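Below is one structure; the comments refer to it alone.
Read-outs: derived from the displayed coordinates by stated rules, not from any lab. None of these values were measured; they are calculated from a predicted model. Every residue, glycine among them, receives a Cβ derived from its backbone with ideal geometry; neighbour counts consider all protein chains shown.
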Amino acid sequence: MKFDLKLAARFLLAGKTQTGLIFIGIAIGVAVLVFLTFLISGLGEDIINRTIGNSPHITITREDQPLQFAQRNFNGLPVYTEDASRTTRETIDEWQYIVRGLENDNRISSVVAVADGPGFIIRGDLEEAIVIRGMDLETADGIYDISSRVVDGSPKLVAGAILIGTDLAEKIKAGPGDAVQIRLMGEDPESYLVGGIFDLGVQTLNQRWILMNRERAAFLLGFENGVNVIETQVNEVFQSQYIAADWKNLLPRFKVDSWEEANRQLLIGLRSQESSSYTIQFFVLLAVTLAVSSVLAISAIQRAKQIGILKAMGIRTRRIGRVFLLQGAVLGFTGSLLGSVLGVGLLYFFVSVSRTADGDPIVPVTLTVAGLAAIVLITTAAGTLAAYFPARHSAKLDPIEVIRNG
């Protein structure tokens, strides 16, 4: 093997210009591969974090029940219809057992039970429609990270205190310590104090959500100690539909919805982005493979006389083929190392110059040693594979014919 490696190195050094050009070509190709791979990966992760990073991946509720029925005549026959526009979400009385089971599922990272219902918030002459959300803040932080997003006041949900969003606070002109009233449809209003103001980064939530202690919200909404929504996040976001299907089998009387079912267009976009990334990577690797193969094929032709002499001296055909395979591996490995360094430098340059007004990177990129190692290994394998056909060509050379005809 030592002799094969020395011979491979001598063949490469004999054509320094050719070797240098292919080396630079591989390095540039790998740099582009590293840059695009981690950039597209970072973009995909950023989209996921912005869209579903702080939202439930799986939601469990009971089937909605109609509030009103009506009897109508159809061709002289009585027909009962339901008003689907007015429904109520039934409470989950056994929610503690379901939550305990979800928490024991190692595929699920966070679980929060929520008492959820519509209402109105009143301050002076201003009245706005709201969604009352009663939850335990400590468990809710696993999904919504509310505590770190309170921009004014205290994040604690003590009795009689509520948290409101920035947009709603601006609309009703309320701040921490101000008194507001909350009422349900057809009910008398109750007074609360604004304990803090949050910014969840979504205008709809900042305009509509009112957060309070779960027990207080359940009492206000008439749920006693029940809840009507259980929300979870999973470790692998693209596995949520399969996990939801498993839990649907365990809870046949419940609605178990995953984010993938509700966001099919987003899922299609993410899958398309992933496919385009793989397509780009494939063609970059193909270009590198063809470049290495063409250079080594030319080298095999140029070194035909030397190969014939070596074979005439008793060097086995297999060893001659191994020399070319080693050349491909050396070119692929060294070129991919330099390309990885260039690609990482290009990524850091891009991140440093592409920033938002707040100074955060437009596309957060996370480099991984495993990812870089995989690119180096794949490129090395591609370079070795590219040497297969030149190796076969050299193995077929007849030493007598080569030496006789030059």
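Can you sort 183, 355 from fewest to most other Cβ atoms within 10 Å of each residue's own Cβ?
Going from least to most buried by this count: 355, 183.
Taking a point 7 angstrom from the Cα of residue 151 along the C-beta vector, which residues in segment 186-213 have backbone N less than 14 Å away?
196-208
Please give the Cα centre distance for segment 193-222 versus segment 329-367, rounded to the nearest Å.
Segment 193-222 and segment 329-367 have Cα centres spaced 42 Å from each other.
Can you compute the modelled spin-label distance between residue 248 and residue 225, with each label point 7 Å from Cα toward Cβ, in nm?
Taking the two extended label points, one gets 3.2 nm.
Among residues other than residue 159 whose Cβ falls under 11 Å from its Cβ, what is the net charge (Lys/Arg +1, Asp/Glu -1)?
+1
Read phi for every residue in segment 190-203 and hand back ³J(HN,Hα) as whole Hz from Karplus 6.51 cos²θ - 1.76 cosθ + 1.60, θ = phi - 60°, with x for Gly and Pro.
Result, rounded to whole Hz: 10, 8, 9, 9, 6, x, x, 10, 10, 9, 8, x, 10, 4.
For segment 161-192 and segment 112-149, write down the distance between their C-alpha centroids in whole Å.
Segment 161-192 and segment 112-149 have Cα centres spaced 11 Å from each other.
Say each of residue 334 and residue 351 gets a label point 7 Å from the Cα, pointing the same way as Cα to Cβ; how far apart are those two points in nm?
3.0
Towards the positive end of the charge dipole of segment 64-252, with charges on Cβ (+1 Lys, Arg; -1 Asp, Glu), say which of 129, 115, 166 has the farthest Cα.
Toward the positive end, the furthest listed residue is 129.
Sort 185, 135 so the one with the fewest other Cβ atoms within 10 Å of its own Cβ comes first.
Values: 185 8, 135 25.
Going from least to most buried by this count: 185, 135.
If I take R0 = 22 Å and measure r between the Cβ atoms of residue 45 and residue 255 in this structure, what FRET efficiency does the formula 1/(1 + (r/R0)^6) give, to the nearest 0.05?
After rounding, the FRET efficiency stands at 0.15.
Per the Cauchy relation, a quarter of the hull surface: what is the mean projected area of the convex hull of the alpha carbons in segment 64-252, in nm²?
Projected area, direction-averaged: 14.0 nm².
At a 10 angstrom cut-off on C-beta neighbours, averaged per residue, how do the peptides 160-169, 345-354 rank from highest to lowest?
Ranking, from highest mean packing down: 160-169, 345-354.
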